[in-house]
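Encoded as structure tokens, the structure appears first; notes follow it.
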Amino acid sequence: MIKKVLWVVPPVALDTNVSGAASRYLQNLRMLHELGVQVTGVRVGHTSELDAVEIDSGHGTALVHQWHEIRLPYLQKRSRFTMLRQTLLDVVRWEYPQSEAVGAALTRLSNEVIPDLIWVEGIDLAAAAKHVPSRKCLYSEHDIAHQVRSIRMGARQSLKERWLLWACQRAEQRILKATSQVLTGSSSDAQKLRQMGAKQVTVIPITYDLIPPSSAPFAQTPRIVHLGSLETTANRAGLEGYLRKAHPAVQRESDLALTIVGDASRVKPPLSDLLRQAGATLVGYAPDLNTALRPGDLAILPYEHDTGYRTKLPLLLAYGQVVISTRAAVAGSMLPGLEDVCLIVDQVEEFPKVLIPLAKDESRRMSLSSAARRFFEAHFTHPCVLDSYRNLLKDLL
């Protein structure tokens, strides 16, 4: 008998070269389809978001049995009294005010489709799914919400910000405790999710189709490359930290150029000022990474938190980049052998002492570039995780 899954996603293009978790959504969809599951897709968002983004950018049409939409109204501004009352008495409603309405819409769809499982992508949709009675729910986690918010706020937080951050954490904990199963791509997140009350947590890394080896020539004169949209919190905060703490020393002691691959159209101070001082080249969004990433270039993951790297690390390895990372940035993806194909340091301030010698050592860069590609093929392609998805669904269904 064919199993049915109600698959609930935000209104983003299902593509491997889109910032955020879009490639993870597509990975999950492809694995469900590969395992013979009948997927009914549900897109949830405001009308402007749903109309602005095509359902699947050509990837998901053949993988989804039928598409539905849940269109959200825009919310009115809430009073301080409402904030105080709800953060004390109904913190999930405060943090995810449309969860009950979405949950009611999902209940109606669930009664129509009769799925064996509701699979939701993201914490806000997990908040809605807990209102659907008598259905198993899998929450596919992409980032711990209160951790990302804390990074966005920075070290100096007002009393109100600290209060709302606490509310966000409590809401997240309640949703986790009400969810049957959590799927994450990070082993370090898995540990935190269990500490927050998640009952069952499965770790499956981010994977891709077998990307063809790059046809670009090996970088005889390497660049420092940062991949990712500067709209996301992790990229913005991580790159700003690198530009303050490490790049001035790189500029003093070498002529290494810095190239930013990813949307930077709306970058604001102080990051825009730091990029200008660094003489960075802003490539913008690159539809074809094969033309933007040359084997042997020096790709940096300068993040001081375990976020922002999960979808891009496999891509960088696939395109033969020489990856230099902080230990914190790749803590959730420390597969056996990763330290042999990446250069991992403890602090952002240590980047110059790695980047500058590497730029001069072509043979080592060639060796690391080839090893990176082999590691991608061995660990980060879809066939590597198919059995993990099969076992996950077997336990749930």
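Normalised radius of gyration for region 145-232, please: alpha carbon Rg relative to 2.2 N^0.38 Å, two decimal places. Could you put the intermediate results ahead of the total?
Details: Rg = 18.9 Å, N = 88, 2.2 N^0.38 = 12.1 Å.
Normalised by 2.2 N^0.38 Å, the Cα Rg of region 145-232 equals 1.57.
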Which one, GLY279, HIS305, GLN321, projects farthest toward the positive side of the charge dipole computed for region 223-357 from Cβ point charges (K/R +1, D/E -1)?
GLY279
Kindly rank 266-279, 92-105, 358-371, 75-88 from highest to lowest mean number of other beta carbons found within 10 Å of each residue.
92-105, 358-371, 266-279, 75-88
If r is the Cβ-Cβ distance from ARG108 to ASP340 and R0 is 51 Å, what FRET efficiency results, to the nearest 0.05?
0.45
Measuring from label point to label point, each 7 Å out along Cα→Cβ, what is the GLU54 to ASP395 span in nm?
3.7 nm
What residue among GLU172, GLU304, GLU349 shows peak mean-square fluctuation when the chain is described by a Gaussian network model with Cα springs under 10 Å?
GLU349
In whole Å, how far is the Cα centre of region 246-296 from that of region 118-145?
36 Å
Would you mind listing how long region 1-48 runs along its three principal axes, going by Cα atoms, in whole Å with the largest first?
38, 24, 9
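Looking at the calculated P(r) for region 248-295, what percent of the C-alpha pair distances fall above 18 Å? Before the final figure, lay out the partial values.
Numbers: 427 of 1128 pairs.
It works out to 38 percent of all Cα pairs.
Keeping every protein chain present and rolling a 1.4 Å probe, give me the accessible area per residue for region 161-238 in Å².
On the way: 3240 Å² over 78 residues.
Here the per-residue accessible area is 42 Å².
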Counting only protein heavy atoms and using a 1.4 Å probe, what share of the accessible area of region 84-176 belongs to carbon plus sulfur, as a whole percent?
52 percent
At q = 0.14 Å⁻¹, work out log10 I(q)/I(0) for the chain with the Debye formula, treating every Cα as an identical point scatterer and leaving solvent out; two decimals please.
-1.29
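Please tell me which of these pairs span more than 30 angstrom C-alpha to C-alpha: LYS77/LYS130; LYS199/LYS268; LYS3/LYS312?
LYS199/LYS268; LYS3/LYS312
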Over the Cα atoms, compute the radius of gyration (one decimal) and Dmax (the largest Cα-Cα distance, rounded to a whole number) for region 266-397, in Å.
16.7, 55
Between the DSSP loop rule and a limit of at most 13 other Cβ atoms within 10 Å, which trypsin sites (Lys or Arg not before Pro) in region 164-257 are left?
LYS199
Return the FRET efficiency for the residue pair ARG364, GLU253: r is the Cβ-Cβ distance, R0 is 22 Å, and the value is rounded to the nearest 0.05.
0.75
Could you state the accessible area per residue of region 1-105 in Å², with a 1.4 Å probe and every protein chain left in place?
49 Å²
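Take every Cα-Cα pair in region 169-313 and report what % of them are more than 26 Å apart.
Numbers: 4052 of 10440 pairs.
Pairs farther apart than 26 Å: 39 percent.
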Run the reach check for LYS394 against aspartates and glutamates, Cα to Cα strictly under 15 Å, same-chain hits fewer than 8 apart removed. What comes back?
GLU34, ASP116
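Kirkwood hydrodynamic radius, computed over distinct alpha-carbon pairs, for region 27-141: how many Å, to one decimal? Don't skip to the end; give the middle numbers.
Values: mean 1/r = 0.0642 Å⁻¹.
One over the average 1/r among Cα pairs gives 15.6 Å for region 27-141.
So what is the diffusion coefficient of region 241-330 in µm² per second by Stokes-Einstein at 4 °C and 1.567 mPa s, using a Kirkwood Rh over Cα pairs?
92 µm²/s
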Counting only protein heavy atoms and using a 1.4 Å probe, what share of the accessible area of region 253-378 belongs to carbon plus sulfur, as a whole percent?
51 percent
Give me the distance in nm between label points sitting 7 Å out from Cα along the Cα-to-Cβ direction at GLU240 and LYS199, one decimal.
4.0 nm
Please give the FRET efficiency for GLN76 paired with ARG374, using the beta carbon to beta carbon distance and R0 = 51 Å, rounded to the nearest 0.05.
0.40
Pick out, from GLY241, GLY103, ALA22, the residue whose Cα sits farthest towards the positive end of the charge dipole of the chain, with +1 on the Cβ of Lys and Arg and -1 on the Cβ of Asp and Glu.
GLY103
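The values are calculated or read from the model by the stated rules, or taken from the named source; none is laboratory data. Quick caveat: nothing in here was measured; it's all calculated off a predicted structure. Heads up, the Cβs are rebuilt from the backbone with ideal geometry, glycines too, and the neighbour counts pull from every protein chain shown. With ligands, DNA and RNA removed, areas are computed over all heavy atoms of the protein, side chains included. Shrake-Rupley method; radii C 1.70, N 1.55, O 1.52, S 1.80 Å.
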